1. Does the range 293-330 hold any residues that are small (Gly, Ala, Ser), in contact (Cβ under 8 Å) with a residue 40 or more places away in the chain and farther than 26 Å from PRO265 by Cα, and which are they?
2. So in the range 136-192, with the set limited to residues that are part of a helix (DSSP H, G or I) and of a type in the set (Phe, Trp, Tyr), which one is surrounded by the fewest Cβ atoms within 10 Å (Cβ to Cβ)?
3. Can you run down the residue pairs with Cβ atoms below 6 Å, 6 or more apart or on separate chains, where the first is in the range 201-213 and assigned by TED's automatic domain parsing to the domain that holds ASP316 and the partner is crowded, with 18+ Cβ neighbours inside 10 Å and part of a loop (DSSP other than H, G, I, E, B)?
4. Considering only residues of the range 307-330 that are farther than 11 Å from ARG274 by Cα and of a type in the set (Val, Ile, Thr), which is surrounded by the most Cβ atoms within 10 Å (Cβ to Cβ)?
5. In the range 290-310, is there at least one residue being outside the structural domain of VAL147 (by TED's automatic domain parsing) and on the phi > 0 side of the Ramachandran plot?
6. Tell me the residue from ALA98, ALA127 that is in a loop (DSSP other than H, G, I, E, B) and either at pLDDT below 95 or surrounded by 17 or more Cβ atoms within 10 Å (Cβ to Cβ) (or both), please.
Amino acid sequence: MAAVNAHPRIFVRAAAPGEGTAIARLWRQLWVAHERWGGYASSHDDRVYARLAQRLDEDARVRAGQPVLGRHVHLVATAHGEVTGQVEGWFERHGSDAQTPFTCEVRSLIVDENARASGIGRTLLEALARTSRELARGSTSVLAAEVLEPNPAHPFYAKVGYRPVAWSLRIDSARDPRLHDMLAARLAEPRDALAIAVLDSTLASRRRMAGDLRFDRPRAIEATLVGAISAHLGRKHKDPQEPVEIVALDRMGEVRASATFAVSPLDPPFVPTRRAILGRFAVDPAQPAAPLVFPLVAQACRMARVAGAPTMEITDMTAPGTPLFEAAAATGARPWSRIVTRLSPGERSA
């Protein structure tokens, strides 16, 4: 499956063996910029990027001229015979509903700092969208990218048709956000399955209202679903990187909110560290957001500290100015990023 662009000056294709050094140089530009914008620290060790170049060359040999390998897409752009940009895509379906669109997650879109404003970024995204549509084989596909808040690329994404559907904040895990009358939070248990199923339905509805089509629509609350959630919550978590559910309780001990917490390692070219994420916020819409968000964040901060993660991302938030976002910001968290999406060309929203 080739991805070729007809632009007279820009050619988009799979990476070729021997281009690893040029692509690694682009990666270095990206991660240095991310660090400057307040992102995770990147390595400044030349040996790290030399090893990355070797891995990229080996990957190109395995791909043998094809941009798609499994669910991973890797495209490079050349102009005047030089590699001037690259983009990755991760193709999957988030859910079990056959009507849920496939998602192609846009990763590591980079244009050489000396070749920007020349149409390369747009051309790479167009090629990735075409590849995504081919992989979907007639099903709908959505392109999604996470853009850090200080990243100057926000107007670019808006210009090429992407719109924000979810927001994230980040908090130092050393903080211990508390309210005087803060409610309780704990790890979810099998007895919470029905409450979590109901909350998941509100989360699915909220995502749809925001225009986020990446996930399943609300599902009917029935015994099979509740049983599956209960079985999942009853499992023994042997892998420390496996996500866990946290619930917030009202004063009667009823579950009124839930979120998912996970920790994973960040490897080179990042400086090795631990990344903590608190996401999938599902809050009872009949309750004030702040008293439920605070205990979830406080519990997750404690877990992040134990896991050795210096910061924690609070993801899957509504737009700034909404009660959910403002409740998360009131914990001391700062705006971090936003998810922007668009349908593949020629497709209409469901």
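The values are calculated or read from the model by the stated rules, or taken from the named source; none is laboratory data. Because the structure is predicted, anything quoted here is derived from the model rather than measured. Because the Cβ atoms are built from the backbone with ideal geometry, glycine has one as well, and the counts that use them run over all protein chains shown.
1. Answer for the range 293-330, where residues must be small (Gly, Ala, Ser), in contact (Cβ under 8 Å) with a residue 40 or more places away in the chain and farther than 26 Å from PRO265 by Cα: ALA319, ALA330.
2. Our first condition is that a residue be part of a helix (DSSP H, G or I); within the range 136-192, this holds for 136, 154-159, 190-192.
The next check asks that each one be of a type in the set (Phe, Trp, Tyr); those that pass are 156-157.
Values: PHE156: 18, TYR157: 22.
Across the range 136-192, the extreme among qualifying residues is PHE156.
3. Between residues of the range 201-213 that are assigned by TED's automatic domain parsing to the domain that holds ASP316 and residues that are crowded, with 18+ Cβ neighbours inside 10 Å and part of a loop (DSSP other than H, G, I, E, B), the close pairs are LEU213/PRO101.
4. So in the range 307-330, the residues farther than 11 Å from ARG274 by Cα come out as 313-330.
Still in the running and of a type in the set (Val, Ile, Thr): 314-315, 318, 322.
Values: ILE314: 28, THR315: 22, THR318: 22, THR322: 15.
Only one residue tops the list, namely ILE314.
5. Residues of the range 290-310 that are outside the structural domain of VAL147 (by TED's automatic domain parsing), as a first pass: 290-310.
Going one step further and asking which of them are on the phi > 0 side of the Ramachandran plot, we end up with 308.
Yes, some residue in the range 290-310 is outside the structural domain of VAL147 (by TED's automatic domain parsing) and on the phi > 0 side of the Ramachandran plot.
6. Numbers: ALA127 fails: in a loop (DSSP other than H, G, I, E, B).
Step by step, each of ALA98, ALA127 is checked, and only ALA98 is in a loop (DSSP other than H, G, I, E, B) and either at pLDDT below 95 or surrounded by 17 or more Cβ atoms within 10 Å (Cβ to Cβ) (or both).
Residues are listed down the side, and each one gets a yes or a no for (1) part of a loop (DSSP other than H, G, I, E, B); (2) modelled with pLDDT under 90; (3) not assigned by TED's automatic domain parsing to the domain that holds PRO310:
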position	(1), (2), (3)
LEU225	no, no, no
ALA231	no, no, no
LYS236	yes, yes, no
ASP239	yes, yes, no
VAL247	no, no, no
MET252	yes, no, no
THR260	no, no, no
PRO265	no, no, no
PRO268	yes, yes, no
